[in-house]
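Right, one structure below, let's go through it.
Every number in this text was worked out from the coordinates using simple rules, so none of it is lab data. Values in this document were obtained by computation on a predicted structure and should not be read as measured data. In this analysis, Cβ positions are derived from the backbone assuming ideal geometry, glycine residues included, and neighbour counts consider all displayed protein chains.
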Number of protein chains: 2
Amino acid sequence: MKNIKAKLIKLFKEGYCTPQIARIAKKINEPSATIHYNIKKLERDGAIKTYKAVFDYKKIEEGFCVYVLINVSPSEYEYDWSRYESKIVSELAKHKEVESVDIMAGDWDLILKIRTKDQDEYYDFLREVVSRIAIQKSISLISLKQLKTNFVLMKQHE
Amino acid sequence: MKNIKAKLIKLFKEGYCTPQIARIAKKINEPSATIHYNIKKLERDGAIKTYKAVFDYKKIEEGFCVYVLINVSPSEYEYDWSRYESKIVSELAKHKEVESVDIMAGDWDLILKIRTKDQDEYYDFLREVVSRIAIQKSISLISLKQLKTNFVLMKQHE
DNA sequence: TTACCTATCTGAATATTGTTCAAACATAGG
DNA sequence: CCTATGTTTGAACAATATTCAGATAGGTAA
């Protein structure tokens, strides 16, 4: 047993997928060379960043999902925005538990979406990663059920 | 000109992609028949829902991104949860502008992530979709910059 | 309008990749 | 130990992606 599953999940989170040109060609009834040309154009223009898998996260030990709303302490960015964006925020983005990082307008500075196996693992993440940055205030909003993720409907009843 | 671009984007939001078995096989140095077997197992087990593209949303007319926190009116679910989940929430999930829908624990009932071209299109979405459900309170948190989305780092400087 | 340039489309040949299958191997339970 | 079940693998085969040259369409300037 080689535990290839874990390696696949890691690779599929970033990419290692590709369009199904022949299937698309049949679907919209165009020659596959035409489909190919148009896909390459989208890639060249940077409109497509990657092709990747969408998981049933409960089944890959990432069933616990939390939105974290954060106010960074004013000292962290008021006099050095570039440090704020390049060090602090992209430091957060690096971690595998982090699905998304947004810099926000309005009452909150950042919104993170975090996926872990369970509450314990989430607690560890907060301690080891989030608490390292100077935070004025933060709240964790826990997802009970995800009906749609990344534009993909999650089937009910499982 | 056949405007194939728009059709491709629509298809790639849901799927129409597939793993690159040969590339993965080289990457982790295993036979491609083994990779194939393990991928099919992940699919059979339901761990992988689909393979799809991740976009640079600014380049596909979806540059405006908002998180909407919603409190549904008590009347909507207190005496009929199944109506709440099956009608109201999955009605929201249907729309193409909706990237994700989560049913939450705690202060808020729902979090939506919405992508539109601009503020005007977002306003239309609020009017035509969100305002149709009985809402007690809702706030819109506007994303200024996305550093990571769906586990994919967005390249800076563009 | 024509002439010209560039982008898009397409069929057919080729290169690469996915899929199947049967046998070997590993693992867990009794 | 045996048996049942799941995993790994190479080799043959099927399907798909890619390339390329020529055709077509679109835009612009004279």
Residues satisfying the stated conditions in the stretch B:1-24, i.e. under 18 Å from A:GLU14 (Cβ atoms) and more than 7 Å from DNA strand C (Cβ to nearest atom):
B:PHE12, B:GLY15, B:CYS17, B:ILE24
Here are B:LEU147, B:LEU112, B:LEU69: which of them is in a strand (DSSP E or B), under 15 Å from the mean Cα position of the chain (by Cα) and more than 30 Å from A:ARG23 (Cα to Cα)?
B:LEU112
Examine the stretch A:30-43 for a residue that is within 9 Å of DNA strand D (Cβ to nearest atom), surrounded by fewer than 20 Cβ atoms within 10 Å (Cβ to Cβ) and of a type in the set (Gly, Ala, Ser), and state whether such a residue exists.
yes
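In the stretch B:3-47, which residues are outside any helix (DSSP H, G or I) and either aromatic (Phe, Trp, Tyr) or at the interface with chain A (Cβ under 7 Å from one of its Cβ atoms) (or both)?
B:TYR16, B:CYS17, B:THR18, B:PRO19, B:GLN20, B:GLU30, B:ASP45, B:GLY46, B:ALA47
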If you scan the stretch A:39-74, which residues turn out to be over 27 Å from B:LYS10 (Cβ atoms) and among the aromatic types (Phe, Trp, Tyr)?
A:PHE64, A:TYR67
Neighbours by Cβ (under 9 Å, 6+ apart or cross-chain): first from the stretch B:15-39, at positive phi; second in a helix (DSSP H, G or I) and within 7 Å of DNA strand C (Cβ to nearest atom):
none
Give just the number: which of (1) more than 7 Å from chain A (Cβ to nearest Cβ); (2) crowded, with 21+ Cβ neighbours inside 10 Å does B:SER138 not satisfy?
(2)
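So for the stretch A:49-56 (the condition being more than 9 Å from chain B (Cβ to nearest Cβ) and aromatic (Phe, Trp, Tyr)), does at least one residue qualify? Give the steps one after another, and end with the answer.
Initial filter on the stretch A:49-56 (more than 9 Å from chain B (Cβ to nearest Cβ)): none.
Within the stretch A:49-56 (the criterion being more than 9 Å from chain B (Cβ to nearest Cβ) and aromatic (Phe, Trp, Tyr)), the answer is no, since none of the residues qualifies.
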Considering only the stretch B:71-90, I want to know if a residue exists there that is more than 23 Å from A:SER100 (Cα to Cα), more than 14 Å from DNA strand C (Cβ to nearest atom) and of a type in the set (Val, Ile, Thr).
yes
Checked pairs for the stretch A:81-100, first in contact (Cβ under 8 Å) with a residue 40 or more places away in the chain, second among the β-branched types (Val, Ile, Thr) and surrounded by fewer than 18 Cβ atoms within 10 Å (Cβ to Cβ), C-beta under 7 Å and 6 or more apart or across chains, list as A:LEU92/A:VAL129
If A:VAL66 satisfies all but one of (1) within 7 Å of chain B (Cβ to nearest Cβ); (2) surrounded by 20 or more Cβ atoms within 10 Å (Cβ to Cβ), what's the number of the condition it fails?
(1)
